[in-house]
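Visitor: My questions will all concern the structure given below.
Please treat every number below as a calculation from the coordinates, not as lab data. In this text the structure is predicted, and so the values were computed from the model without any measurement. All Cβ positions, even for glycine, are placed from backbone atoms using ideal geometry, and neighbour counts span all protein chains on display.
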Amino acid sequence: MKLTQLLGLVLLLWIPNLLLGQARSFRDFIIAANSPTNPKASATNFKTAGGKDRFLLEEWGKGWALSRGSEMVKDGYAFNFDFERNELYLRKDDEDVMIVADNNSVRRFVIVNGLDSMRFVKSIAVDKTNKVFFQLIGGNTSGKIALLKLRTSKALPVNKNDYARNFNGDYSTQYRNDHAYYFVDAEIGVKGFEKMTRDELLKLFPQHQALIVRLVTSKKPIDEKTLVAFTNEVNGL
């Protein structure tokens with residue numbers, strides 16, 4: 001058999017298996033999300049279930065999600081994210097049913113809010129279980145430095161002795177939000193923090209002293225916007 005014939009035979013056998021594997025991953029994502037055994041797969045009103053204290057958006061937004069097999073879920077779906085449960089929600093445009101995506105089948109996703117595209121990724125460098133979604137707010141995962149943000153939302157116990165709530169008859173669940181940030185760098189590894197000062201940033205990245213001095217003019221904790229600007233400039237973005 002000639003070499004060209006052999007290569008052709010290999011391609012004929014390999015391509016269908018590749019497509020089958022991708023289709024299977026895509027199918028797993030959809031089937032797991034739509035599973036009738038999933039008790040959370042029901043419609044919800046985000047505003048009354050916690051609003052923006054718990055969810056990324058109060059209404060459904062456009063976006064896309066990438067499955068484990070690199071298949072994209074986009075057209076015909078709307079999206080939202082639950083910070084309390086760390087879950088991605090989808091809704092089929094032609095059905096009034098909320099879908100809870102299978103966490104293990106989702107690699108990354110983007111949700112659009114007006115002109116802002118919010119990117120969420122997993123990071124095994126930060127989370128060894130590779131299940132938690134972090135918002136990628138600066139840089140990129142394949143660049144020099146990535147800046148990740150982890151927002152968590154926790155339901156607070158209802159205080160039955162709260163006069164104002166008793167007077168208004170308001171017993172809706174209230175939430176507390178916490179934030180943590182992570183620099184993920186090929187050289188220094190992972191640096192987690194809640195607040196970062198100029199001196200701490202200089203100690204962490206002495207090779208970028210000129211950039212840090214230019215961007216950070218105060219000794220107060222650095223705001224998120226400046227941290228994003230620093231990370232993006234380092235990556236040439």
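Visitor: Take every Cα pair under 8 Å in region 168-229 that's 6+ residues apart, average their separations, divide by the length, and report that relative contact order as a whole percent. Show your work: numbers first, answer last.
Guide: On the way: 41 pairs, mean separation 14.8, N = 62.
Relative contact order for region 168-229 comes out at 24 percent.
Visitor: Run the quick spin-label model on Glu200 and Asp93: label points 7 Å from Cα toward the beta carbon, then report their separation in nm to one decimal.
Guide: Distance between label points: 4.5 nm.
Visitor: Turning to a different aspect of this structure: Using a Förster distance of 25 Å, how high is the FRET efficiency between Arg85 and Ser117, based on the Cβ-Cβ distance and rounded to 0.05? Walk me through the intermediate numbers first.
Guide: Details: r = 23 Å, r/R0 = 0.90.
So the FRET efficiency works out to roughly 0.65.
Visitor: Calculate, in nm to one decimal, what Lys62 and Val228 gain on full extension: separation in residues at 0.36 nm each, minus their alpha carbon distance. Walk me through the numbers on the way to the answer.
Guide: Working: separation 166, 0.36 × 166 = 59.76 nm, distance 2.37 nm.
Between Lys62 and Val228, full extension yields 57.4 nm more.
Visitor: Take the alpha-carbon centre of region 66-141, take the same for region 200-237, and report the distance between them in whole Å.
Guide: First find each Cα centre; the distance between them is then 28 Å.
Visitor: Something else now. Rank by packing, highest mean first: peptides 186-194, 56-64, with packing defined as the count of other Cβ atoms within 10 Å averaged across residues.
Guide: Working: 186-194: 11.8, 56-64: 17.6.
Per-residue Cβ counts within 10 Å, averaged per peptide and sorted highest first, yield 56-64, 186-194.
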